[in-house]
């Protein structure tokens, strides 16, 4: 009416940068889950001995150390390992399979107990701060003084 056209306003095209699918934390969590899945698959399927030692026990143990699983307040990897071993024992079809799982479980228990024992004794040493005795490096030094059961 006043000489101006009253048409539809012209919409400008807005370019939105692509959103990353996963945050960094989600990506790390997904990668950790993938690593756990691979470890569990290896535990269930790769039944072999290396230098007369059950390879799976050493692989599981070293993976747990590498992932700092002993330091985590909560992790489901231990539950998954126990479930995998329990299922394998229940479904074992021969005494050879049962013997394999007995040796794997015994070896893993030995390694875990010694690690936890070394870790708890290091926190009870007098005249040291908790942070100095509780860190991974000190635990690794103590664990490395155990008989090197999982080396070639």
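Some notes on this structure:
- Residues satisfying the criterion are absent from the stretch 28-41 (criterion: part of a loop (DSSP other than H, G, I, E, B) and exposed (fewer than 14 other Cβ atoms within 10 Å of the Cβ)).
- Looking only at residues in the stretch 112-139 that are within 21 Å of residue 59 (Cβ to Cβ) and surrounded by 14 or more Cβ atoms within 10 Å (Cβ to Cβ), the one that is modelled with the lowest pLDDT is 139.
- If you go through the stretch 51-62 and keep only what is farther than 16 Å from residue 116 by Cβ and either surrounded by 14 or more Cβ atoms within 10 Å (Cβ to Cβ) or within 11 Å of the chain's Cα centre (by Cα) (or both), you end up with 53, 54, 55, 56, 58, 59.
- Selection count where residues are touching a residue at least 40 places away in the same chain (Cβ under 8 Å) and either in a helix (DSSP H, G or I) or more than 25 Å from residue 118 (Cα to Cα) (or both), scope the stretch 65-86: 6
- Output for the stretch 87-111, where each listed residue is loosely packed, with under 15 Cβ neighbours inside 10 Å and either in a helix (DSSP H, G or I) or at positive phi (or both): 87, 90, 95, 96, 97, 98, 99, 102, 106, 109
The values are calculated or read from the model by the stated rules, or taken from the named source; none is laboratory data. Keep in mind that what you see is a predicted model, and the values were worked out from it rather than measured. Note that each Cβ is placed from the backbone with ideal geometry, even for glycine, and that neighbours are counted across all protein chains shown.
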